[in-house]
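Engineer: Can you keep this structure in mind? I'll have questions shortly.
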Amino acid sequence: RIRPEVIPAHEIGVTFEDIGSLEETKESLQELVMLPLRRPDLFTGGLLKPCRGILLFGPPGTGKTMMAKAIAREAGASFINVSMSTITSKWFGEDEKNVRALFTLAAKVSPTIIFVDEVDSMLGQRTRVGEHEAMRKIKNEFMTHWDGLLSKANERILVLAATNRPFDLDEAIIRRFERRIMVGLPTADSREKILRTLLAKEKVDELDFKELAMMTEGYSGSDLKIFCTTAAYRPVRELIKQEREKDLEKKRRAEQEKNSEDASEEK
Ligand code: ATP
């Protein structure tokens, strides 16, 4: 049984400081998420309705999941990560029951951010040919509970979703995401900031960050992380190679000594 994992705010291991660049996204989320979750009493309706749905869209590995976790932490909200596999698991039996249970759980641990990664696979095109009846039911159930949040001003639950395929979402879903924020591939300046963040705790005094940023055109934050990790392995690999060579040398010498001892004994 796969249950959705609830991470209490203080156990979330990602902070805004771990995220390089993306300042505007951070600011937007702070405004949209923090206030309504912390002070629902200020959002009494009219123009000041709390936002119940935010969509982060953009290429893979650009920090959308990190961002969702960091904002939950900062807002003091529980973080529930759901995906299609959580909903279609045998958690509570039928899929719709799982959706209902998800919202009940979210209310119990609120304030809560329900994070739907790859939202297109769960709430994608309703008109797609051959769409399963089960999928349609999941979506309808999800939308019903989500809409229910709008009528409960004090329910401190927000649906934050991410996708690499925003065009696979239909109108009805898009509309429910009152704010849609694009998280694109980083520019050279942003890559420099991300590299500085990723290497903040490393001894890299002589590194030319500007040049590295220029060399990594088209890299996402995730690509930059892999790039740094691979580079960090190099000295380790070198060290292991040297140690292995030393061991071999030692063995060779020991054998030579043994051979020469054997030879002198034979004489
Ligand atoms: P996907 O669409 O594939 O789910 P995503 O946009 O949600 O990707 P994340 O999972 O947040 O991306 O990022 C993957 C990893 O890449 C992170 O764990 C982190 O190590 C690194 N990363 C991405 N963007 C940044 C960034 N702006 N600053 C620091 N690290 C980053």
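The values are calculated or read from the model by the stated rules, or taken from the named source; none is laboratory data. Keep in mind the model is a prediction, meaning the values are calculated, not measured. Methodologically, a virtual Cβ is constructed for each residue, glycine included, from the backbone with ideal geometry; neighbour enumeration extends over all protein chains shown. We work out accessible area using only protein heavy atoms, side chains counted, and drop any ligands, DNA or RNA first. Shrake-Rupley method; radii C 1.70, N 1.55, O 1.52, S 1.80 Å.
Engineer: Could you go through the stretch 26-43 in sequence order and give the Karplus-derived ³J(HN,Hα) for each residue, using 6.51 cos²θ - 1.76 cosθ + 1.60 with θ = phi - 60°, rounded to whole Hz, and x for Gly and Pro?
Structural biologist: 4, 5, 4, 5, 4, 5, 6, 9, 4, 4, x, 6, 7, 10, x, 5, 7, 9
Engineer: Please compute the contact order of the chain in relative form: average sequence separation of alpha-carbon pairs under 8 Å and at least six residues apart, divided by the residue count, as a percent.
Structural biologist: 26
Engineer: Can I ask one more? How would Glu31, Glu74 rank on accessible area, largest to smallest, probe 1.4 Å?
Structural biologist: Glu31, Glu74
Engineer: In whole percent, and with a 1.4 Å probe on the protein chains, what portion of the accessible area of the chain is carbon and sulfur?
Structural biologist: 51
Engineer: Another question, if that's okay. How do Lys64, Lys201, Lys97, Lys246 stack up against each other in accessible area, from largest to smallest, with a 1.4 angstrom probe?
Structural biologist: So the residues, ranked largest to smallest area, are Lys201, Lys246, Lys97, Lys64.
Engineer: Then there's this: Quote the FRET efficiency, to the nearest 0.05, computed for Val236 versus Lys210 with a Förster distance R0 of 35 Å and r equal to the Cβ-Cβ distance.
Structural biologist: Efficiency computed from Cβ-Cβ geometry: 0.85.
Engineer: Show which aspartates and glutamates lie in cross-link reach of Lys26 when reach means a straight Cα distance below 13 angstrom and same-chain residues fewer than eight apart are skipped.
Structural biologist: Candidates past the 8-residue exclusion: Glu17, Asp18, Glu74.
Engineer: What ³J(HN,Hα) values, in whole Hz, does the Karplus curve 6.51 cos²θ - 1.76 cosθ + 1.60 give for the stretch 45-62 when θ = phi - 60°, with x put for Gly and Pro?
Structural biologist: Per residue, the Karplus-derived 3J(HN,Hα) values read x, x, 6, 9, 8, x, 7, 9, x, 10, 10, 9, 10, x, x, x, x, 9 Hz.
Engineer: List the lysines whose alpha-carbon lies under 17 Å from that of Lys210, not counting same-chain residues fewer than 8 positions away?
Structural biologist: Leaving aside lysines fewer than 8 places away in the same chain, those within reach of Lys210 are Lys193, Lys225.
Engineer: Can I ask one more? Output ³J(HN,Hα) for the stretch 199-212: one whole-Hz value per residue in order, computed from phi by the Karplus curve 6.51 cos²θ - 1.76 cosθ + 1.60 with θ = phi - 60°, and x for Gly and Pro.
Structural biologist: With coefficients 6.51, -1.76 and 1.60, one gets 9, 4, 9, 9, 8, 9, 4, 8, 6, 8, 4, 4, 5, 4 Hz.
Engineer: Stretch Ser222-Asp189 to full length: gain in nm at 0.36 nm per residue minus the Cα-Cα span?
Structural biologist: Contour length minus the Cα-Cα distance gives 10.3 nm.
Engineer: What number comes out for the charge environment of Ser83, summing +1 per Lys or Arg and -1 per Asp or Glu over other residues with Cβ under 12 Å away?
Structural biologist: -4
Engineer: Test of understanding: what is the full-extension gain from Glu31 to Glu255, defined as 0.36 nm times their sequence separation minus their Cα-Cα distance?
Structural biologist: So the chain would gain 73.5 nm between Glu31 and Glu255.
Engineer: Give, in nm to one decimal, the length gained when the segment between Arg175 and Arg244 is fully stretched (0.36 nm per residue of separation minus the Cα-Cα distance).
Structural biologist: Extra length from Arg175 to Arg244 when fully extended: 18.7 nm.
Engineer: Using modelled backbone amide H atoms (1.01 Å from N, in-plane), which distant-in-sequence or interchain residues come within less than 5 Å of Arg180's amide H?
Structural biologist: Leu55
Engineer: Separate question: Ignoring ligands, DNA and RNA, what accessible area per residue does the stretch 93-240 give at 1.4 Å, in Å²?
Structural biologist: 58
Engineer: Considering all alpha-carbon pairs of the stretch 108-267, what whole percent are spaced by more than 26 angstrom?
Structural biologist: 61
Engineer: Can you give the relative contact order of the stretch 146-265 as a percent, counting alpha carbon pairs under 8 Å and 6+ residues apart?
Structural biologist: For the stretch 146-265, the relative contact order is 21 percent.
Engineer: Turning to a different aspect of this structure: Order the peptides 217-223, 10-16 from the highest to the lowest mean number of other Cβ atoms within 10 Å of their residues.
Structural biologist: So the order, starting with the most tightly packed, is 217-223, 10-16.
Engineer: Here is a follow-up. Compute the long axis of helix 221-266 from its Cα atoms, compare it with the longest principal axis of the Cα atoms of the chain, and write down the angle in degrees, 0 to 90, nearest 10.
Structural biologist: Helix 221-266 and the main axis of the chain meet at about 20 degrees.
Engineer: Calculate how large, on average over all directions, the projected area of the Cα convex hull of the stretch 150-199 is; give the answer in nm² to one decimal.
Structural biologist: It is 5.7 nm².
Engineer: For the chain, what ratio Rg/Rh do Cα atoms give with a Kirkwood hydrodynamic radius?
Structural biologist: Rg divided by Rh gives 1.21.
Engineer: Right, next: What is the helix-to-structure angle for 95-108, meaning the angle in degrees between its Cα long axis and the longest Cα principal axis of the chain, kept from 0 to 90 and rounded to the nearest 10?
Structural biologist: 90
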